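*Asks:* To start, I am sharing the structure in question, which I have written as structure tokens.
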Amino acid sequence: MPLFKTEAIVLQRFNLTESSLIVTSFTRDFGKVKCVVKGARKIKSRYGGRFEPFTCLNIIYSGKEHQNLYILNHCDTIRPFYNLREDYIRLTTGCYFTEIISSFTREAEKNEELFHLFFRALDILESTDNISVLIRIFEMRTIALSGYSPKFDSCLICKNEPKSKYINFHFQSGGIICGKCLNSSSPGRRITLGTLNYLKKVLTINFSSIDRLRFPKGQDKEIALLTQMYLKTIIGRECKSYKFIAKQEL
Amino acid sequence: MKYSDSIAKLIDEFKRLPGIGQKTAERLVFFLLKEQKDAVRGLSEAILNLKDKVQSCSKCNSITENDPCNVCSNPKREQKIICVVEEPHDLYAIERMGEYHGSYYVLMGSISPLEGVGPEEIQINRLVERVKKDGIQEVILATNPNMEGDATAIFIYKTLKSLGVKVTRIARGLPVGSNLEYADEVTILRSFEGRMEM
């Protein structure tokens, strides 16, 4: 039986038996992978608490290629991201990131860039105070890296660069309709040109400059609502963990 | 040949229990068929009594036959100290230790953002009311040392902080009889944080 070796970030774990777990993780080389971990629930297990969500591991697992469930043979911790579990806002935000990754990834579909984005986002989440901006960056970049990159540069109808104060964002096609082409029956959600410029920044800003980006009051809610609606259009449902973040002052 | 209606029905009922499939259910039914009538009646009465007599304690939410439960109505127990646990079986695990003499509060679950279970779904509000009403001096958080247990503990701490009550959490670290060599990094870190002078 072939062995697979890769880096993985734990997304979710479920009890299988009195002593075993099923661990779902997002791996760097093989996309989402589900493994049975025998003996992981025993109090004296050699795995300890390594299968808590957000933990980044080096794993070795075995099984036939493209099957649904593998057997985990070995793991070592790379980064436990335990600081996320010390603060309610960071913990719930980490859960939200985890749920987004789980929704956008599939078994055996490698997406190395998305893996690096997830790792980097968890890394920054441990220390940054600018959590609301980090959430927006993570949402938009995950959407972009999963093949749904929004088209902000030109109007879907006239193909020109938008210059008017108001524009519409069309969720189904992931593009904008400029002020000139807009009419009362235009689909999508109306946003300001200022919001559009912030959304462009969110897609391009370097993670190390995150603390320098602040959304103006009022615009932050508009951006949050827009990214949420776009996410919902793509994954077809609302993220369960988002309600935990929405209730908090970030 | 199909099973008779009575046998098939009992097999279906057993299959509803956790961890029991078709084969195990069949084995249990044929075991009961061989048993004396009194033994089977005893089993069925025990199951019915479970639903008729067992209820949750109005003070601590634990499973009891008397309301309030034996712990809440015991004058020898320290009622100003509450140990908060996730599930009733956690309470029994602490009671087996035999060294804790305070009272309890059972949340009947834990906060799980990934499952969409929030503070409203578990009974935190009643805990806050009890802390205010009974003048509680210490709340010991004995939630599980996993992500859901941590989320629950932090949320309760945030909620109770403003009431001025002492909030503590049970120590996390190496299990007795284990090997340091196999412990994960977070467990070793918690063990060092919780080290005690000898």
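*Asks:* Restricting to segment A:87-99, name every residue that is in contact with an Asp or Glu (Cβ under 8 Å, 6 or more places away or on another chain) and open to solvent by 10 Å² or more (accessible area, probe 1.4 Å). Before the answer, list the steps.
*Replies:* Applying the first criterion (in contact with an Asp or Glu (Cβ under 8 Å, 6 or more places away or on another chain)) to segment A:87-99 yields A:90-91.
Scanning segment A:87-99 gives a single hit, A:ARG90.
*Asks:* For A:ILE157, only one of the following conditions fails: (1) aliphatic (A, V, I, L, M); (2) within 19 Å of A:PHE54 (Cα to Cα); (3) surrounded by fewer than 17 Cβ atoms within 10 Å (Cβ to Cβ). What is its number?
*Replies:* The failed condition is (2).
*Asks:* State whether the residues of segment B:10-29 include one that is over 28 Å from A:ASN15 (Cβ atoms) and open to solvent by 80 Å² or more (accessible area, probe 1.4 Å). Quick ask: steps written out before the conclusion?
*Replies:* Filtering segment B:10-29 down to residues over 28 Å from A:ASN15 (Cβ atoms) leaves none.
No, segment B:10-29 contains no residue that is over 28 Å from A:ASN15 (Cβ atoms) and open to solvent by 80 Å² or more (accessible area, probe 1.4 Å).
*Asks:* So, of the residues in segment A:20-39 that are touching a residue at least 60 places away in the same chain (Cβ under 8 Å) and under 13 Å from A:SER62 (Cα atoms), which turns out to be surrounded by the most Cβ atoms within 10 Å (Cβ to Cβ)?
*Replies:* A:VAL33
*Asks:* Being touching a Leu at 6+ places or on another chain (Cβ under 8 Å) and of a type in the set (Asp, Glu) is the filter here; which residues of segment A:46-85 pass it?
*Replies:* Result: A:ASP76, single match.
*Asks:* While we're looking at this one, here's another question. Go through segment A:53-63 residue by residue and tally those that are in contact with a helix residue (DSSP H, G or I) (Cβ under 8 Å, 6 or more places away or on another chain) and open to solvent by 20 Å² or more (accessible area, probe 1.4 Å).
*Replies:* So the count comes out to 0.
Residues are listed down the side, and each one gets a yes or a no for (1) basic (Lys, Arg); (2) open to solvent by 30 Å² or more (accessible area, probe 1.4 Å):
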position: A:TYR166; (1), (2): no, yes
position: A:THR195; (1), (2): no, no
position: A:THR233; (1), (2): no, yes
position: A:ARG237; (1), (2): yes, yes
position: A:LYS243; (1), (2): yes, yes
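*Asks:* Now for a different question. Just to be sure before I move on: is B:VAL167 within 26 Å of B:SER56 (Cβ to Cβ) and modelled with pLDDT of 95 or more in the structure I sent?
*Replies:* The answer is yes for B:VAL167.
*Asks:* Residues being among the hydroxyl-bearing types (Ser, Thr, Tyr) and either free of Cβ contacts under 8 Å to residues at least 24 places away in the same chain or over 20 Å from A:ILE137 (Cα atoms) (or both): count how many of those fall in segment A:171-202.
*Replies:* Of the residues in segment A:171-202, 4 are among the hydroxyl-bearing types (Ser, Thr, Tyr) and either free of Cβ contacts under 8 Å to residues at least 24 places away in the same chain or over 20 Å from A:ILE137 (Cα atoms) (or both).
*Asks:* Only helices (runs of 4 or more DSSP H) wholly contained in segment B:94-198 count here; list those with 2 or more residues that are among the hydrophobic types (A, V, I, L, M, F, W, C), surrounded by 15 or more Cβ atoms within 10 Å (Cβ to Cβ) and more than 14 Å from every other protein chain (Cβ to nearest Cβ).
*Replies:* Output list reads B:124-134.
*Asks:* Let me ask another. Give segment A:52-67 a look and list any residue that's within 14 Å of chain B (Cβ to nearest Cβ) and part of a strand (DSSP E or B), or say none.
*Replies:* Within segment A:52-67, A:CYS56, A:LEU57, A:ASN58, A:ILE59 meet the criteria.
*Asks:* Select, from B:SER112, B:SER103, the only residue that is more than 25 Å from A:PRO53 (Cα to Cα), under 17 Å from the mean Cα position of the chain (by Cα) and touching a residue at least 12 places away in the same chain (Cβ under 8 Å).
*Replies:* The unique qualifying residue is B:SER103.
Table: residues versus (1) in contact with a Pro (Cβ under 7 Å, 6 or more places away or on another chain); (2) open to solvent by less than 100 Å² (accessible area, probe 1.4 Å).
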{"position": "B:VAL40", "(1), (2)": "no, yes"}
{"position": "B:SER44", "(1), (2)": "no, yes"}
{"position": "B:LEU48", "(1), (2)": "no, no"}
{"position": "B:LYS53", "(1), (2)": "no, no"}
{"position": "B:LYS59", "(1), (2)": "yes, yes"}
{"position": "B:GLU65", "(1), (2)": "no, no"}
{"position": "B:CYS69", "(1), (2)": "no, yes"}
{"position": "B:CYS72", "(1), (2)": "no, yes"}
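*Asks:* Determine which single condition B:ILE81 fails, assuming it passes every other condition in (1) open to solvent by 10 Å² or more (accessible area, probe 1.4 Å); (2) part of a loop (DSSP other than H, G, I, E, B).
*Replies:* Result: B:ILE81 passes all but (2).
*Asks:* For segment A:203-222, which residues satisfy the criterion of being without any contact (Cβ under 8 Å) to a residue 12 or more places away in the chain and farther than 15 Å from A:ASP153 by Cβ? Walk me through it before giving the result.
*Replies:* Applying the first criterion (without any contact (Cβ under 8 Å) to a residue 12 or more places away in the chain) to segment A:203-222 yields A:204, A:206, A:208-209, A:212, A:217-218, A:221.
The answer is A:ASN206, A:SER208, A:SER209, A:ARG212, A:LYS217, A:GLY218, A:LYS221.
*Asks:* Something else about it: Name the residue that is nearest to the other protein chains (Cβ to nearest Cβ), counting only residues in segment A:106-151 that are open to solvent by less than 10 Å² (accessible area, probe 1.4 Å) and in contact with a Lys or Arg (Cβ under 6 Å, 6 or more places away or on another chain).
*Replies:* Only one residue tops the list, namely A:LEU125.
*Asks:* Could you grab me the full set of residues in segment A:1-19 that are open to solvent by 10 Å² or more (accessible area, probe 1.4 Å), touching a residue at least 40 places away in the same chain (Cβ under 8 Å), out of contact with any Cys (no Cβ under 9 Å at 6 or more places or on another chain) and in a strand (DSSP E or B)?
*Replies:* A:LEU3, A:PHE4, A:LYS5, A:GLN12, A:ARG13
*Asks:* Still on this structure, I have one more. Applying the selection to segment B:1-30, what residues are part of a loop (DSSP other than H, G, I, E, B) and either under 27 Å from the mean Cα position of the chain (by Cα) or not small (Gly, Ala, Ser) (or both)?
*Replies:* Within segment B:1-30, B:MET1, B:LYS2, B:TYR3, B:ARG16, B:LEU17, B:PRO18, B:GLY19, B:ILE20, B:GLY21 meet the criteria.
*Asks:* Filter segment A:80-91 down to residues that are under 15 Å from A:THR55 (Cα atoms), facing another protein chain (nearest Cβ under 9 Å) and of a type outside the set (A, V, I, L, M, F, W, C), then give me how many there are.
*Replies:* Final tally of qualifying residues: 4.
The values are calculated or read from the model by the stated rules, or taken from the named source; none is laboratory data. Computed from a predicted model, the values in this text were never measured in an experiment. Every residue, glycine among them, receives a Cβ derived from its backbone with ideal geometry; neighbour counts consider all protein chains shown. Heads up: the accessible areas ignore ligands, DNA and RNA and are worked out on the full protein's heavy atoms, side chains in. Shrake-Rupley method; radii C 1.70, N 1.55, O 1.52, S 1.80 Å.
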